[in-house]
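Values quoted throughout were computed directly from the atomic coordinates according to the rules given, and no laboratory measurement underlies them. Please read all numbers here as calculations on a predicted model, not as lab measurements. Note that we place each Cβ from the backbone using ideal geometry, even for glycine, and neighbour counts take in every protein chain shown.
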Amino acid sequence: MLSVMAARMAAKSGYTNVKVYHAGTPDWVKNGNVLLSNFDFVSKRLGYIVLIDTRGPQVAEKGHIQGAVAIPLMDVIKQKDQFPVDKKAYLVLYSDDTNLTGLSPVVKEIAGWGFERVYVLEGGYRGWISKKGLIQSGSVRTEIFYLPRPHPGEITGDEFVNVMRNLPEDKVILDVRTKAETSMGMIQGAKNIPVDDLQAKLDELPRDKEIIVHCRTGLRAEMGYTILRNAGFRARFLNDKVAIIEDQIFCCYKD
């Protein structure tokens with residue numbers, strides 16, 4: 001199942017059996033489904049995410065992804081107290097290969113604790129090696145350590161609020177929620193392009209201004225940010241949840 005945008009890209013690449021999950025990523029996770037992360041996703045976030053090598057310390061000492069913590073698959077759930085307080089932290093689990101059969105139940109359990117961004121690394125460690133990803137060998141951490149810090153391209157909630165108060169001419173606020181969501185209210189001055197339509201509507205955005213992207217939870221905002229950056233735009237994204245009570249009245253918050 002793909003988003004509308006991903007489905008279009010797949011169709012252009014020649015795939016024919018393409019299905020769209022219209023409810024989007026948050027609903028997909030809410031219904032107990034697993035998200036896959038790829039090499040590019042993880043390699044760009046090393047140092048900002050929690051990487052869990054489920055092969056265990058003995059295997060991981062022979063070679064593991066840079067910065068990973070080694071916890072045997074059967075013990076991951078037992079280490080619940082080690083997991084970050086920040087429920088928006090990125091968590092990526094991997095094995096020798098994708099291993100959805102083994103990893104899916106664990107990922108679903110972790111998502112049930114309230115974590116919104118729990119992924120399985122597509123291809124696992126072997127796939128990472130094949131793409132020449134950064135690795136380490138020897139001593140490996142066995143306890144999770146997470147220090148929250150802004151991700152590349154992230155704008156803080158306080159800075160976002162300040163931007164909205166002043167609305168400088170060199171910035172555009174882009175709301176990438178669906179039309180159904182924005183019909184209930186939008187931040188005054190924001191422009192709406194649903195994230196699934198963004199790639200096809202880039203020409204509607206100015207290239208001489210910074211684009212600041214927001215959605216309801218931060219997930220689609222980062223997707224929009226990635227699309228914009230890949231297209232050469234100056235952009236940042238809000239990684240907070242946004243509640244819009246009515247036009248002009250909104251608040252940003254983290255769980």
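Percent of C-alpha pairs per 10 Å bin in segment 154-253, short distances first: 17, 56, 27, 1. Farthest toward the positive end of the dipole of segment 53-104, out of SER104, GLY67, VAL85, is the Cα of VAL85, where the dipole comes from beta carbon charges about the Cα centre.
Along segment 223-229 the Karplus relation, 6.51 cos²θ - 1.76 cosθ + 1.60 evaluated at θ = phi - 60°, assigns HN-Hα couplings of 4, x, 4, 4, 4, 5, 5 Hz to successive residues, with x for each Gly and Pro.
Here's the picture: charge each Lys and Arg Cβ at +1 and each Asp and Glu Cβ at -1 in segment 123-255, and of MET223, SER139, ALA235 the one pushed furthest to the positive end of that dipole is SER139. The alpha-carbon of LYS191 sits under 15 angstrom from the alpha-carbons of these aspartates and glutamates, leaving out residues fewer than 8 places away in its chain: GLU169, ASP170, ASP175, GLU181, ASP203, GLU204, GLU210, ASP247. When each of the peptides 156-166, 55-65 is scored by how many other beta carbons lie within 10 Å of its residues on average, the order from highest to lowest is 55-65, 156-166.
Around the amide H of GLU154, modelled in the peptide plane, lie the amide H atoms of PHE237, all under 5 Å away and 5 or more residues distant in sequence or on another chain.
The number of Lys pairs in segment 34-136 with C-alpha atoms less than 30 Å apart, excluding pairs fewer than 8 positions apart on the same chain, is 25.
The GluC sites (Glu not before Pro) of segment 108-154 that DSSP puts in a loop, and whose beta carbon has at most 11 other beta carbons within 10 Å, are GLU143.
Geometric descriptor of segment 114-196, per residue, is 210 Å³ (volume of the convex hull of the Cα atoms).
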